[in-house]
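Colleague: This is the structure, below, for whatever I ask next.
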Amino acid sequence: MDLHILDHRLRVTSISKNGLVNYTHPLIKLIFLRNRTRCKFFSLTETPENYTVVLDEEGFKELPPSSEHLQVEGSIWRPLNVASNGNASSSSQAVGVTKIAKSVIAPLAQQHVSVFMLSTYQTDFILVREKDLSVVVSTLEEEFNIFKEVEGEYMSVGCKDFTNGLQKNGKEAIQPTVHPVLIPQNQFCVMSLDPDTLPSIATTLIDVLFYSNSPKEDSESSAGQDLDCIKFFSFSLIDGYVSLVMDTEAQRRFPADLLFTSSSGELWRMVRIGGQPLGFDECGIVAQISQPLADGDISAYYISTFSFDHALVSPKKVPCHSCCKGN
């Protein structure tokens, strides 16, 4: 298999709920006006706590200067993408994070490399800090043919192509913290649409993203209790491909003839990881969740946000996650 290091240089940010009004203008521009921005990688995910925005440097320039309502993780992140048979997977249905759990996620966790996951309808992006790229390459080069994207072309790379000289650390892996999980009752769907049809759903998408009230929930509920439902909506526009993750209630607001999903039309249940904000330096969280799923050959989407992680699995498989709850 091939591992692609895409040329996007990404920032991971968080916009507070009460500060969203200061950012709606640039966000609408990034979503709908592709001809007015050079941004090629944009993802916006709403959770009960905040809005996580992952975007490339061109998109980041569109956001107003840092304020009390905007948090920016200090690192530059680079997206990795696994491609089978030499073909980029961005034009086909995602295979799920579990397919790369043992070959990518687990080895990086062993080397203390923190990852930020973004599953979309098309593929799974593994975000790593740019400063960790040499460790990533030295860790994965035996398993993958590794290519780096440069101005749309892919060039074969090895450890010697990175300047910081860091390679495998050889240290014993730290046992990850066992985090509690929440399993809300709403069901989710993962969909896409032709980006040229975005103007047709503009009113609905703006309403859902910026004006809809969150479901009633107790934000102080203990980490061991399931929420009845959770506000979660994710929109990604990456290299011309659109991905949407929403619950069935939000789905009913969109024209069915414009959205498409897998032939099975499968619905997903969410497993939300973390009782307190997870932070960006802890390693092994994604591996802790994805490896048992891989052992059971269970497909899953995985979306990290600024505060928590979220796995989407088949409703029939949700009970398998009960063992992940902290006691």
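Colleague: Answer with yes or no whether SER84 is closer than 14 Å to ILE15 by Cβ, surrounded by fewer than 17 Cβ atoms within 10 Å (Cβ to Cβ), of a type in the set (Gly, Ala, Ser) and at pLDDT below 95.
Modeller: No: the conditions fail for SER84.
Colleague: Does SER103 satisfy being of a type in the set (S, T, N, Q), surrounded by 14 or more Cβ atoms within 10 Å (Cβ to Cβ) and either within 30 Å of TYR23 (Cα to Cα) or modelled with pLDDT of 95 or more (or both)?
Modeller: For SER103, the condition - of a type in the set (S, T, N, Q), surrounded by 14 or more Cβ atoms within 10 Å (Cβ to Cβ) and either within 30 Å of TYR23 (Cα to Cα) or modelled with pLDDT of 95 or more (or both) - is not met.
Colleague: Restricting attention to the stretch 1-15, report how many residues are at pLDDT below 95 and more than 30 Å from ASN145 (Cα to Cα).
Modeller: 0
Colleague: If I go through the stretch 294-310 residue by residue, how many of them are more than 20 Å from SER114 (Cβ to Cβ) and either among the charged types (D, E, K, R) or touching a residue at least 40 places away in the same chain (Cβ under 8 Å) (or both)?
Modeller: Total meeting the criteria: 4.
Colleague: Take the stretch 109-128 and flag every residue that is more than 17 Å from HIS4 (Cβ to Cβ) and hydroxyl-bearing (Ser, Thr, Tyr).
Modeller: SER114, TYR121
Colleague: Right, something else. How many residues, within the stretch 291-315, are of a type in the set (A, V, I, L, M, F, W, C) and in contact with an Asp or Glu (Cβ under 8 Å, 6 or more places away or on another chain)?
Modeller: Within the stretch 291-315, residues that are of a type in the set (A, V, I, L, M, F, W, C) and in contact with an Asp or Glu (Cβ under 8 Å, 6 or more places away or on another chain) number 3.
Colleague: Would you please list the contacts, defined by Cβ atoms under 7 Å and residues six or more apart or on different chains, that run from a residue in the stretch 60-76 that is within 21 Å of PHE280 (Cα to Cα) to a residue that is of a type in the set (Gly, Ala, Ser) and in a loop (DSSP other than H, G, I, E, B)?
Modeller: Cβ pairs passing all conditions: VAL72/SER66.
Colleague: Every residue in the stretch 12-30 that is touching a residue at least 60 places away in the same chain (Cβ under 8 Å) and touching a strand residue (DSSP E or B) at 6+ places or on another chain (Cβ under 6 Å), please.
Modeller: Correct list: VAL12, THR13, SER14, LEU30.
The values are calculated or read from the model by the stated rules, or taken from the named source; none is laboratory data. It should be emphasised that the depicted structure is a prediction, and the values quoted were computed from it without experimental measurement. Using ideal geometry, Cβ is built from the backbone for each residue, glycine included, and neighbour counts are taken over all protein chains shown.
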